[in-house]
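First the structure, in the form of structure tokens, and then the observations on it.
The values are calculated or read from the model by the stated rules, or taken from the named source; none is laboratory data. Worth saying up front: this structure is predicted, and the values here are computed from it rather than measured. In this analysis, Cβ positions are derived from the backbone assuming ideal geometry, glycine residues included, and neighbour counts consider all displayed protein chains. Ligands, DNA and RNA are stripped out before the accessible areas are found, and what is left, the full protein with its side chains, is counted by its heavy atoms. Shrake-Rupley method; radii C 1.70, N 1.55, O 1.52, S 1.80 Å.
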Amino acid sequence: MTDVAAAVDRLIGGDKATLARALTAVENAYPHAAELLEALRPHTGCARVVGVTGPPGVGKSTLCNALIREWRTRGHRVGVIAVDPSSPLSGGAVLGDRVRMHEHDQDDFVFIRSLAARTNGGGLAASTAGAIVVLDAAGMDCVLIETVGSGQSQVDIAGVAKTTVVVSAPGFGDEVQALKAGILEIADVLVVNKADLPHAEQTARQLRIMLGLRDAQRWQPPVVMTSGHTGQGVDQLAEALQEHHDSIVTDTPAATQTHTVADLLRKLASEDPYVRHLGIEFITGGSGHASVRMRVQPSHISFNGTCHGGALFSLADAAFGLASNSHGVVAAGIDAHITYPRAVKVGDVLTAGAVEETRSRRFATYRVIVTRSDGATVATFTGTVATVGGARPGAPQ
Amino acid sequence: MHANGDGIPAKVLVTKIGLDGHDRGSRVVAAYLRDAGMEVIYTGPWQQIPAVVALTQEEDVDVVGISSLATDHLIVPKLMRALRDAGLAHVRVVVGGIVPDDEVSMLHENGVSKVFHPGSSREEIVAAVQQLAEQARCERPEI
């Protein structure tokens, strides 16, 4: 009898052996895999999932290695799924992607797993989506997926990654042509790798021209030049990934005004030492509303073994503070009340959404609902602010 | 097909520890196992023992194959201890390459399942690794 609940607790607590076995269970569709994934789902939603694809030989693995290094310098925990092809004849596979990532083998905050594509033809293993759930629940800030070298139509990656990176390289002239037919359409970020080689700029120019032929879209994929080998440009790639991540979390069909309010709120959240200390992440916001997210850490736990009420209050209060400061004038909380109908555990991913209920010249009231990833309400909060200052410098009017 | 009894391919780490860089043998064996339907993690030479333990755990392999041509088999007992300390006692370890006859028993005493000498056939290697993988699968914790 497999104790799925105990395994979930160990996995969320950071046990690598359980993480490895959970990935195997998902990969091989063991009988308890579905139950396990269901139990892990409430703990997911925090990881940014980045897929890397492109023709064989453009340096995907080496680029992934450099990107992991860049993310580690930014303090992120990184999970990697490296997919290699299986032989259509024997079913066997040699999984060699991690050869190029070996500098991270002994890093406790990097977990690399090789998957054979087995019979799946879309450039991924069939179990990839499940593996992402497992790594996300295990607390990875970033999940990186390297596909098998893809030519034109292996576009499965766009279905599972939040951000898709399509990698090319100079000297792949015909492959650049091929890109436009298939995988160019799925690119959120385009990379010209091996930028230390001649003609890299020319390859980048070709890609920019092809992108220019497309209909104008809300997100225009940038073309970033990198060298996975020297590390050149990898910080710009990380920035481009961050910008795309920000663009999807604030993806609201509102007018430009909302986007500028969201920009203000993101800036306020990023400049708030307390919010950053607790690991609270801004998701979205606009005039009179805001939502934020937090994964419950071991340091958020009280002596009762569940999430400390103060931590929940802080999360709700962060959403409250942002929503009440969304009008461009400085507002300060003067009263708040919270109810905790449900206990919260380590590893739970919580979202707090604040909505304005009343607003006068002097006062405004807000209701905040804190939910777990499975939709359960874990806290409700009401708060009042007083307008204490004039217009905030730099705020949209 | 040489999948395990449950239809799932055996997963094998093929690696080299120590300072010897002669990796032709390990590449040939990796190809044998692949062609027999197994999934092989291949690392190249000069791996450190803690890295091999980390890979064995992260990749959740059934068998670790150590290629040794220049006395690196003498540090295999250290690897066996490190695997046990990491809770990976169910993983089977095989050594292939140049191992003097009077040192084979030392490897077995330290938990090595099988030693392949020069001249071992493809069939012999594949069959032994397959059988050891099935044993490891039976002993490994489910989750």
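Residue by residue through A:94-100, how many Cβ atoms from other chains fall within 10 Å of the Cβ on average?
6
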Query - Radius of gyration and Dmax over the Cα atoms of segment A:1-43, both given in Å - result: 9.3, 24
Query - Three-way shape label, segment A:1-88, alpha-carbon gyration tensor, a/c 1.5 - result: oblate
Query raised in the report: Quick one, what does Rg over Rh come out to for segment B:30-90 if you take C-alpha atoms and the Kirkwood Rh?
Result: 0.96
Query - Residue-normalised accessible area of chain A, expressed per residue, 1.4 Å probe, Å² - result: 42 Å²
**Report entry** chain A - percent relative contact order, Cα under 8 Å, separation 6 or more
**Finding:** 14 percent
Query - Calculated diffusion of segment A:256-391, Stokes-Einstein form, Kirkwood radius summed over Cα pairs, 37 °C and 0.692 mPa s, µm²/s - result: 222 µm²/s
Requested in this report: In Å³ and rounded to a whole number, note down the convex hull volume per residue for the Cα atoms of segment A:34-75.
Outcome: 111 Å³
Requested in this report: Note down the nm distance, to one decimal, between modelled labels 7 Å out along Cα→Cβ at A:Asp107 and at A:Thr230.
Outcome: 2.2 nm
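Hey, got the average number of other protein chain Cβ atoms within 10 angstrom for residues in B:31-38?
Partner-chain Cβ atoms within 10 Å, mean over residues of B:31-38: 5.
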Query raised in the report: Does anyone have the angle between helix A:256-270 and the longest principal axis of chain A? Alpha-carbon axes, 0 to 90°, nearest 10?
Result: 90 degrees
Report task. Show the residues, 5+ positions off or on another chain, whose built amide H is closer than 5 Å to the amide H of A:Val94. Result -> B:Val40
Query raised in the report: In the full protein assembly as shown, how much of A:Val346 is accessible to a 1.4 Å probe, in Å² to the nearest 10?
Result: 40 Å²
Query - Per-selection metrics, the protein assembly as shown (Cα): Rg and Dmax in Å - result: 26.1, 91
Requested in this report: For segment B:62-77 and segment A:1-59, write down the distance between their C-alpha centroids in whole Å.
Outcome: 31 Å
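Using the reciprocal of the averaged 1/r over all distinct C-alpha pairs, how large is the Kirkwood radius of segment A:44-249 in Å?
Numbers: mean 1/r = 0.0593 Å⁻¹.
It works out to 16.9 Å.
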**Report entry** Total accessible area lost when B and A pair, probe 1.4 Å, Å² to nearest 100
**Finding:** 2700 Å²
Requested in this report: State which entries of A:Lys162/B:Lys16; A:Lys60/B:Lys11; A:Lys162/A:Lys267 exceed 29 angstrom in Cα-Cα distance in the structure shown.
Outcome: A:Lys162/B:Lys16
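Write down, largest first, the equivalent ellipsoid semi-axes of chain B in whole Å, where each equals the square root of 5 times an eigenvalue of the alpha-carbon gyration tensor.
Equivalent ellipsoid semi-axes, largest first: 21, 18, 14 Å.
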Report summary line: Here the whole-number average of other chain Cβ atoms within 10 Å per Cβ of B:57-63 is 6
Report task. Could you pull out every one of the aspartates and glutamates with an alpha carbon less than 16 Å from that of A:Lys194, ignoring same-chain neighbours closer than 8 positions? Result -> A:Glu175, A:Asp235
Query raised in the report: Taking the simple approach of a point 7 Å from Cα along Cα-to-Cβ for both A:Phe363 and A:Glu35, what is their distance in nm?
Result: 5.3 nm
Report task. Multiply the residue separation of A:Asp246 and A:Ser90 by 0.36 nm, subtract the distance between their alpha-carbon atoms, and state the gained length in nm to one decimal. Result -> 51.8 nm
